[in-house]
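Asker: Quick one: structure below, then a few questions.
The values are calculated or read from the model by the stated rules, or taken from the named source; none is laboratory data. A quick note: this is a predicted structure, and the numbers were derived from the prediction, not measured. Note that each Cβ is placed from the backbone with ideal geometry, even for glycine, and that neighbours are counted across all protein chains shown. Just the protein is used for accessible areas: all its heavy atoms, side chains included, with ligands, DNA and RNA removed. Shrake-Rupley method; radii C 1.70, N 1.55, O 1.52, S 1.80 Å.
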Amino acid sequence: MNDNIDNVVQRTRQYWFSDGIVELSVGGLFIILGIYFFLQSTLPTGSFLLVGLQVGFVFILVGAIFLSRYLVDKFKSRLTFPRTGYVSYKRASRKQRLVSIGIVCIIAGFNAALFLTTPLSIYWVPAITGLIVGSLWLISAIRVGLLRFFLQSILAFLLGVILSLSNLEIYLGLAFFYGILGSVLVLSGGWTLAAYLRKHPPLDENQQA
């Protein structure tokens, strides 16, 4: 009985990711971070734009997260739910929301702490980032049970280590990390969405009635 319940719960979780929209959203968010760190690497030291980016990092990150969540809800309401139905998911508890905010603050603090990091250890920042992102993605993979999530978590681990061993400038390394991983997620999400749309054509008015 418990196994059946667990299977139902896992299938319900998988349904949320069956259209690839979440991966497209997260991939887009990572690409934004990649552009941010690329600008950090290329803009002249002390320039007005660079200082603005550094000061506004938290606002950029939080704004991008809220925008991605908004777009996920909008696209699902237009593409997914009319085709295969709406599933009501339990809203995140206050504790879960606080944990999410805490993660954002940790990432923002980690970015600020880079200014105080010694040159020797700076090369390992992409590896540490890959460990954090890969671990979070691995937790999602275990909860949802999708093979592609496991592969993406492994990619995050390996990509971070490879970029650290490449001895790239710190912000350029992070730019490559988020840019490459974000592009992979966008490609995976796009392929998943295309397959989902082929498998589930729009219902006509008689079928919806």
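Asker: Within segment 1-49, restricting attention to residues that are of a type in the set (Asp, Glu) and within 24 Å of LEU185 (Cα to Cα), which residue is modelled with the lowest pLDDT?
Answerer: As a first pass, look at segment 1-49 and keep what is of a type in the set (Asp, Glu): 3, 6, 19, 23.
Narrowing further to those that are within 24 Å of LEU185 (Cα to Cα): 19, 23.
Details: ASP19: 89, GLU23: 94.
Among residues in segment 1-49 that are of a type in the set (Asp, Glu) and within 24 Å of LEU185 (Cα to Cα), the one modelled with the lowest pLDDT is ASP19.
Asker: Taking the stated definitions as given, is GLY134 open to solvent by less than 40 Å² (accessible area, probe 1.4 Å), at pLDDT 95 or above and within 18 Å of GLY28 (Cα to Cα)? Full working, then the answer.
Answerer: Details: open to solvent by less than 40 Å² (accessible area, probe 1.4 Å): yes; at pLDDT 95 or above: no; within 18 Å of GLY28 (Cα to Cα): yes.
Spelling it out, it is not the case that GLY134 is open to solvent by less than 40 Å² (accessible area, probe 1.4 Å), at pLDDT 95 or above and within 18 Å of GLY28 (Cα to Cα).
Asker: Six or more apart or on different chains, Cβ atoms under 7 Å: show the pairs whose first residue is in segment 120-147 and without any contact (Cβ under 8 Å) to a residue 60 or more places away in the chain and whose second is surrounded by fewer than 20 Cβ atoms within 10 Å (Cβ to Cβ) and among the polar types (S, T, N, Q).
Answerer: TYR123/ASN167
Asker: Kindly evaluate VAL144 against the criterion of being aliphatic (A, V, I, L, M), under 30 Å from PHE75 (Cα atoms) and open to solvent by less than 20 Å² (accessible area, probe 1.4 Å).
Answerer: Working: aliphatic (A, V, I, L, M): yes; under 30 Å from PHE75 (Cα atoms): yes; open to solvent by less than 20 Å² (accessible area, probe 1.4 Å): yes.
For VAL144, the condition - aliphatic (A, V, I, L, M), under 30 Å from PHE75 (Cα atoms) and open to solvent by less than 20 Å² (accessible area, probe 1.4 Å) - is met.
Asker: If I ask for residues that are open to solvent by 20 Å² or more (accessible area, probe 1.4 Å) and either free of Cβ contacts under 8 Å to residues at least 40 places away in the same chain or within 15 Å of ILE35 (Cα to Cα) (or both), which ones from segment 59-80 would you list?
Answerer: Passing the criteria: PHE59, ILE60, GLY63, ILE65, PHE66, LEU67, TYR70, ASP73, LYS74, SER77, ARG78.
Asker: Give segment 166-209 a look and list any residue that's in a helix (DSSP H, G or I), at pLDDT below 90 and not charged (D, E, K, R), or say none.
Answerer: Answer for segment 166-209, where residues must be in a helix (DSSP H, G or I), at pLDDT below 90 and not charged (D, E, K, R): ILE170, TYR171, ASN206, GLN207, GLN208.
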